[in-house]
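See below for the structure under consideration.
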Amino acid sequence: MMTTDWTQEYFDDTYRRLFLDTVEPARTRYQVQQLLRLCAVLPGAAVLDVGCGVGRHSIELARLGFRVTGVDMNADYIAVCRERTAQMGLKAEFYAMDSRIMKLHVRADLSVSLWSSFGYYGEIGDLEILRRVSEHTRRGGHVVLDVENRDYIVKHFVPEEWHENEQGLVCEKRRFDAGHGTVSTRRVVLRGGERCEYHRVLRMYTVAELAALLEAAGLRPERWCGDYDGSRFGPESKRMIVIAER
């Protein structure tokens, strides 16, 4: 088991180039529209995006007229969020901070943690995040978590793969620890003679485990979906999206 905070080195410019900046804007727009439909929130509502990255969902929500606050531990990513919103003439607030200890003057109508931005710190750390999210969500508001489906990952587990594109060659080796419920990944990126290596340990929660964490944080799971289209959640769902009420 990895004891250091792997997130400090993992989410850097290389990760941004490979996995954040390559997402098609149409995909982001679709995810946001479906999210708003599932949660029935209207423009003007306050939204908290925890683990906002470079603002893929936050900026789209701000463009649609929501009062957005984004939080991410990576100060460089937050700087990108601020620069992009300024260029687009949008209003949104972004803060570089650890979501386990965040304190903001925000009571969101909708709080979200999207695209596997959860599961980084084990049960204790992840519960602290949910408690802070709960504190920053108004009574009757909703919290949405979007993570990979553990059952699907286990059934279709890929221990090793590589792919190459204009960004470079990416090789990954993975190990699933059933006892701890974690997937450990070693990623090597080769680009222009440069070699970068990264390590990640992601906690993969079952429905029962994640429901227990949510309830311990004062949140009541209402609905489980297999994707942003609201499809029924099951073993073959690639995503696990839970909508909980504060």
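The values are calculated or read from the model by the stated rules, or taken from the named source; none is laboratory data. Everything numeric here is computed off the predicted structure, so don't read it as measured data. Glycine also receives a Cβ, built like all others from the backbone with ideal geometry; neighbour counts cover every protein chain displayed. We work out accessible area using only protein heavy atoms, side chains counted, and drop any ligands, DNA or RNA first. Shrake-Rupley method; radii C 1.70, N 1.55, O 1.52, S 1.80 Å.
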ask   = So how much accessible area does T69 have, in Å² to the nearest 10, using a 1.4 Å probe?
value = 10
note = With every protein chain in place, the accessible area of I129 for a 1.4 Å probe, in Å² rounded to the nearest 10, comes to 10
note = Of the residues L169, T22, C196, the Cα lying farthest along the dipole of the chain towards its positive end, which is defined by charges on the beta carbon of Lys, Arg, Asp and Glu, belongs to T22
key: Additional length obtainable on full extension of the chain from R195 to N165, 0.36 nm per residue less Cα span   = 9.3 nm
inquiry  = Of the listed values (1) 126; (2) 154; (3) 135, identify the label whose number matches volume of the Cα convex hull per residue in Å³ calculated from this model.
reply    = (1)
Those residues of the range 226-246 whose amide nitrogen sits under 15 Å from the label point placed on R220, 7 Å along Cα→Cβ = 243-246
key: Lysine pairs meeting the criterion (Cα under 29 Å, 8 or more apart or interchain), as found in the range 89-246   = 4
request  = Give me the percent of DSSP beta bridges within the chain that run antiparallel, rounded to the nearest 5.
outcome  = 70
ask   = Tell me, how many Å apart are the Cα centres for the range 114-146 and for the range 8-73?
value = 15
query = So what is the relative contact order for the range 1-86, in percent, with contacts set as C-alpha pairs under 8 Å and at least six apart?
reply = 26
message = Contact order normalised by length for the chain, with contacts defined as Cα pairs under 8 Å and 6 or more residues apart; what percent is it?
response = 17
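Express the accessible area of the range 111-246 per residue in Å², computed with a 1.4 Å probe while the remaining protein chains stay in the model.
Using a 1.4 Å probe on heavy atoms only, each residue of the range 111-246 averages 48 Å².
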ask   = Between the DSSP loop rule and a limit of at most 15 other Cβ atoms within 10 Å, which chymotrypsin sites (Phe, Trp or Tyr not before Pro) in the range 133-219 are left?
value = F157
ask   = How high is the relative contact order of the range 185-238, in percent, counting Cα pairs under 8 Å that sit 6 or more residues apart?
value = 17
remark   = Counting only protein heavy atoms and leaving out ligands, DNA and RNA, the solvent-accessible surface of L127 at a 1.4 Å probe, in Å² to the nearest 10, equals 30
